[in-house]
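Here the structure is laid out as structure tokens; the discussion comes afterwards.
The values are calculated or read from the model by the stated rules, or taken from the named source; none is laboratory data. As the structure is a computational prediction, the values presented were derived from the model and not from experiment. Cβ atoms come from the backbone with ideal geometry, glycine included; neighbour counts cover every protein chain shown.
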Amino acid sequence: MTEIEDLYVLMDPEDFLKLKRQLRIESTGKNDAFCFRSRGLVEMTRMSKDLRQKIPKILEVEVDPTGGPRLQEAAMKLYARKKGGECEKIHLLQGMQAVEIAAKSFFFAYKQLVAVMMGSAATATGSQVSSCDSLSQIFMEPTYFPSLDAAKTFLGEFWGNLG
């Protein structure tokens, strides 16, 4: 993390402004925060978010219409067993979560870069998220994979109590 922050500080402002232009990140007014308007970034983010629709098929379980823990239980069983070809499913699920992490890492690192290069007033935080900043709205949502996250949490607690 420190190395990345050091790179931001050393970044040539001209390179930063080129990147800003290429990503179509702009301020809508004098006091507005910079907005992500890159169609490519927004579309990639939505596509990674849509990956969660594939989880029931991977886990071979139907979503409980009442919101029950079917997905979470299936994920816990998968993570605990790791038999035969199930390791491939685990790698696929981990890969899907890695896509979410990479997208969020880029987003928040870029917001930090804007703060370093342009000053903290140029970034929106928390309640200051503007309506034009669709990526901020997407990234302030909880994890895309709550069932997988909960399964890992409960398994971690279970394994922690065994030792």
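Computed values, structure above
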read-out	value
Residue in the range 10-33 that is charged (D, E, K, R), at pLDDT 75 or above and within 30 Å of F158 (Cα to Cα) present	no
Extreme residue, farthest from L41 (Cα to Cα), among residues of the range 81-103 that are charged (D, E, K, R) and loosely packed, with under 11 Cβ neighbours inside 10 Å	K83
Filter result (over 14 Å from the mean Cα position of the chain (by Cα) and modelled with pLDDT of 70 or more) within the range 117-147	S147
Among (1) loosely packed, with under 15 Cβ neighbours inside 10 Å; (2) of a type in the set (V, I, T); (3) modelled with pLDDT of 85 or more, the one test that I58 misses	(1)
